Each structure stands twice: as structure tokens, then as C-alpha cells.
């Protein structure tokens, strides 16, 4: 009963995942999974904070040793979730947040069925596009690529457990919604299969 929940938060570019997850992490009840990757660090990124930066050989060794909860290869680099750190946090009672894309989320659900999959969405596709253009930080080609990725991934929403909409200025509300989901999931009967038998035990 004291074990933490594995919470996967996915969402298209412009959904505000980083902001919402940051609000959850203000509480000691939550921890964030730092992914491993074979890509080189970008300026300002810190090993162990943004990612665990490893060689391709080391990452493939981890795959063979089943040390990754999930992984994917994207644009020539591996990205994945270290298994040991995740299990340690869960066993310590922390609710572990994984901020990963759809393919990784579905992989997690296959190997760890107890995981709670949450899709964070802007109110609409039009709002998503407006947010991406409003950033003024990416090329037109990159914006169109991100929007096309959303079209490809959103049909997988049916495999998720919850959808949370992030309206403009609504990051606090989204974080509250996710906290409510966690509270409800902790009370789910499927997480207390032995409750009836244990009820009559003498303590």
C-alpha cells in the first residue's frame, strides 16, 4: 500500500508537460525519472539532471542486461528509462513521473501494467499550433513536423487511462487534476486485491 505509482505523462509539443510536471515535483511525494540517452549534451545541459549521457555501447549493454524499463531509438540516438532507479523510487513510496512520448508509454504499460498513463493535451489542435508559432523559436519546417507527429500519435489515446486538458494559464489546474488521479488510483480496488482477506486478520 505504501508503494508509489508509476505515472507516465505524454503530450504533444505545446501541451505544457514540463511546466505541469514541475508543479507536481514541488511536492516530495513525486520524483522525476531522468532518462538515459546516447545523444551528446546540449549547451547548458547537466549529466544526471537533464539526462544520463551514455555511450551507444553502454546503452546497448543495458538493453541486453534488461536494465531499461523502456527505450526507443529516435533520430539515430537511443532514449530510455533506467529500470533500477525507477523501482527504487517506487519502493520508497515516491510517485515516479515519466515524461515520455507515446511509443515509450505503451512500452512501459506492456512491461509494467500498473503504470498510469496520462495524456496532456492543449484544448485543441488549433491552440497547439498557435502555441508553437507563438514561441517563435523553431523553423516552419520544425513546427509542421511537430504537428504531423501529433496527428500520428493521437490515435493511440485510446490506450491511455486519462486525458487532461491544459488550457491557457491552466498549469496549476492540470497539476491538481493529476494529483486527484493519483489519489483515486491509490484507492482503486485492483491495487488492493487482498484487502478483504486482510481485513479480518488480527494485528
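Each value in this text was obtained by applying a stated rule to the coordinates, not by laboratory testing. All values derive from a computational prediction rather than experimental measurement. So basically every Cβ, Gly included, is an ideal-geometry build from the backbone, and we count neighbours across all protein chains shown.
Residue 145 to residue 87: FRET efficiency via 1/(1 + (r/R0)^6), r the Cβ-Cβ distance, R0 22 Å, to the nearest 0.05?
So, using R0 = 22 Å, E works out to roughly 0.05.
Roughly how tilted is helix 125-135, in degrees to the nearest 10 and between 0 and 90, from the longest Cα axis of the chain?
60
Any chance you could run the full-extension gain for residue 72 through residue 110? It's 0.36 nm times the residue separation minus the Cα-Cα distance, nm to one decimal.
12.3 nm
Between residue 193 and residue 161, with labels modelled 7 Å along Cα→Cβ, what's the label distance in nm to one decimal, could you check?
1.5
Between the helical axis of 171-186 and the dominant principal axis of the chain, each derived from Cα atoms, what acute angle in degrees is found, rounded to the nearest 10?
30
Rank 117, 98, 83 by mean-square fluctuation in a GNM of the chain with C-alpha springs under 10 angstrom and give only the top-ranked residue.
83
When 139, 150, 81 are ordered from fewest to most other Cβ atoms inside 10 Å of their Cβ, what list results?
Fewest-to-most ranking of 139, 150, 81: 139, 150, 81.
With springs connecting C-alpha atoms under 10 Å apart, model the chain as a Gaussian network and identify which of 113, 43, 155 has the largest mean-square fluctuation.
Maximum fluctuation in the GNM of the chain, among the listed residues, is at 43.
Classify region 6-190 from the C-alpha gyration tensor, please: rounded if a/c falls under 1.5, else prolate or oblate depending on whether a/b exceeds b/c.
Taking the square roots of the gyration eigenvalues as a ≥ b ≥ c, region 6-190 is oblate.
Which of rounded, prolate or oblate describes region 34-88 when judged by the alpha-carbon gyration tensor and an a/c cut-off of 1.5?
Cα axes put region 34-88 in the oblate bin.
Using alpha carbon centroids, what distance separates region 45-97 and region 132-152, in Å?
27
Per the helix-only calculation at 222 nm, which mean residue ellipticity applies to the chain, given -39500 (n - 2.57) for every DSSP H run of n ≥ 4 and division by its residues, nearest 500 deg cm²/dmol?
Calculated from helices alone, the mean residue ellipticity at 222 nm is -12000 deg cm²/dmol.
Sort 168, 58 by Cβ crowding within 10 Å, fewest neighbours at the top.
Least to most surrounded, the residues fall as 168, 58.
Please figure out what share of the DSSP beta bridges in region 17-157 is antiparallel and state it in percent, rounded to the nearest 5.
55
In what sequence do 177, 172, 161 fall when counting other Cβ within 10 Å, fewest first?
Ordered by Cβ neighbours within 10 Å, fewest first: 172, 161, 177.
Stick to Cα atoms and the Kirkwood definition of Rh, then tell me Rg/Rh for region 1-49.
1.00
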